[in-house]
Amino acid sequence: MGEPDTAKLFDALKRAGHTLRFVGGCVRDIIAERPVTDIDVATDARPEQVLEALAAAMIRTIPTGIEHGTVTALPGKRRFEITTLRKDVETDGRRATVAFTDNWIEDASRRDFTFNALSADPDGKVYDYFGGIEDLRAGRVRFIGGASERIAEDYLRVMRFFRFQAHYGKMDPDPASLAACQAAATHVETLSGERIWNEMSRTLAAPEPAPVFQMMEDIGLLPLLLPAGRTLKRMDTLASIEAMLSLEADPIRRLAALTQPDNGQLLEIATQLRLSRQDTRRLQNVHSSRGEFRIGMDDIALRRALYALRRERFLDLILLDWANQIAIDVVDAAESVSAWRTIWNTASAWKPPEFPIAGEDVLAMGVEAGPRVGEILADIEEWWVENSFLPDREACLEKLRLFVSGC
């Protein structure tokens, strides 16, 4: 965080007599020795003072959220969101009315968990008002103040509690915090699907999400969010397989492993969570094609399935069918690893062959343009697949000639 762009920004505010600190996740993750993705900074200067100080330093700004206290600064290649310190005036569980302040403790008090209230100056001095460093090192997810009071300020904190427990928790969750989450579970339904999915997807991406989702199940939260059937064991098994194969966690694939809805319920889940059209389609494809892969498939059958499903689907399906067979005890996990790895290796290396003829070849045989062209082409392609993709262009054209002449 000591790069030139950052130093230029801090110097500009300092010259104007204001204080700027790193806040939140970037401070937490540096202390936890985790990768830092976003750098958030806060200041005791009012938004108009920030604009003035940055203008004096010839730093370009964008007043993206100036009414909420946020100014975007572009001192170089990196983009910074500078937020003025705030204090809550009124909260209703979904949004807060805030006022600007110059008090760092007041601003830190607004945050949810102790290790998210950390701040640091550019010299590396960390300000810890609530014992966040100790909690972080102990793997303890602890609300600032009373859990019920903090949750009532923003019911999304129920989801955030489980997300941070999944990623940072090293001990059993605090019983009082779990009880507060349970008491507020029905209020989570009042939040937007986008906010819920934003937190749930991050929880699904944890190295071992199943224990936390079991907690959500136990307190009655998960049935509210995913009313269709849920299979925690399958999701847990999938996470283990992904780890074994050194694959990055995929929230949509894990959501598919966690749920087992019919088509109507699937669309209900996608709508409720405000999934994108692409993610919804992927979820539908995975559920509709489960069971395509199994131990003992011969190579030809496997390659035919891969060709029919296309690359964007087959890797998901192999992983989910693998996890499903182990989760429902169809196969012995240890004995099946080698067999499933063989399928996985074949699929991973698969490069779909290109069907050697196209619609213009059918037209060239005298077939009139229209739906019949596609039907003929599909029949020839099916024959080509059944012959293990071996017939070359000449063989396919000859088959086409015979087919057309027999029409």
Rounded to 10°, Cα long-axis angle of helix 263-272 versus longest principal axis of the chain:
30 degrees
Name the long-range amide H neighbours of Thr259: under 5 Å, sequence gap of 5 or more, or other chain; modelled H, no Pro or chain starts.
Thr231
Name the residue farthest towards the positive end of the dipole of the range 38-120 from the options Phe115, Ala53, Thr72, assuming +1 on Cβ of Lys and Arg, -1 on Cβ of Asp and Glu, about the Cα centre.
Thr72
Diffusion coefficient in µm²/s returned for the chain by Stokes-Einstein, Kirkwood Rh over C-alpha pairs, 37 °C and 0.692 mPa s, is 130 µm²/s
Given a Förster distance of 60 angstrom, what is the FRET efficiency for Ala7 paired with Leu402, based on the Cβ-Cβ distance and rounded to 0.05?
0.20
Dipole size in debye (nearest 20) for the chain around its Cα centre, Lys and Arg Cβ +1, Asp and Glu Cβ -1?
600 debye
Over all Cα pairs of the range 193-242, the Kirkwood radius sets Rh, and Rg/Rh then becomes 0.95
Roughly what angle does helix 193-204 make with the longest principal axis of the chain, taking Cα atoms, 0 to 90 degrees, to the nearest 10?
80 degrees
Using +1 on the beta carbon of Lys and Arg, -1 on that of Asp and Glu, and nothing else charged, what's the dipole of the range 251-388 about the Cα centre, debye to 20?
720 debye
Percent of accessible area on the range 1-153 owned by carbon and sulfur, 1.4 Å probe?
47 percent
For Leu390 and Arg137, calculate 0.36 nm times their separation in residues minus their Cα-Cα distance, and state this gained length in nm to one decimal.
85.1 nm
Using Cα pairs under 8 angstrom and six or more residues apart, how large is the relative contact order of the chain, in percent?
9 percent
Taking all pairs of distinct Cα atoms, average 1/r, flip it, and tell me the Kirkwood hydrodynamic radius of the range 342-407 in Å to one decimal place.
12.9 Å
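Could you tell me what fraction of 2.2 N^0.38 Å the Cα radius of gyration of the range 296-403 comes to, as a two-decimal ratio?
Output field value: 1.39.
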Normalised per residue, the volume of the convex hull around the Cα set of the range 1-74 (Å³)
90 Å³
The helix 277-288 Cα axis meets the longest alpha-carbon principal axis of the chain at an angle in degrees, between 0 and 90 and rounded to 10, of 50 degrees
Estimated [θ] at 222 nm from DSSP helical runs (n ≥ 4, -39500 (n - 2.57)) normalised by residues in the chain, nearest 500
-16000 deg cm²/dmol
Principal axis extents for the range 1-153, Cα atoms only, whole Å, descending order, please.
45, 35, 24
What whole-number value in Å² describes the accessible area per residue of the chain for a 1.4 Å probe?
49 Å²
Could you tell me the largest-minus-smallest coordinate of the C-alpha atoms of the range 200-303 on each of the three principal axes, in descending order and whole angstroms?
46, 30, 21
Taking the Cα centre of the range 347-400 as origin, work out the dipole magnitude from +1 charges on Lys and Arg Cβ and -1 charges on Asp and Glu Cβ, in debye rounded to 20.
140 debye
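The values are calculated or read from the model by the stated rules, or taken from the named source; none is laboratory data. All of these numbers come straight from a predicted model, not from anything done at the bench. FYI the Cβ positions are ideal-geometry reconstructions off the backbone, even for glycines, and counts take in every protein chain you see. SASA here: full protein model, heavy atoms, side chains in, ligands and nucleic acids out. Shrake-Rupley method; radii C 1.70, N 1.55, O 1.52, S 1.80 Å.
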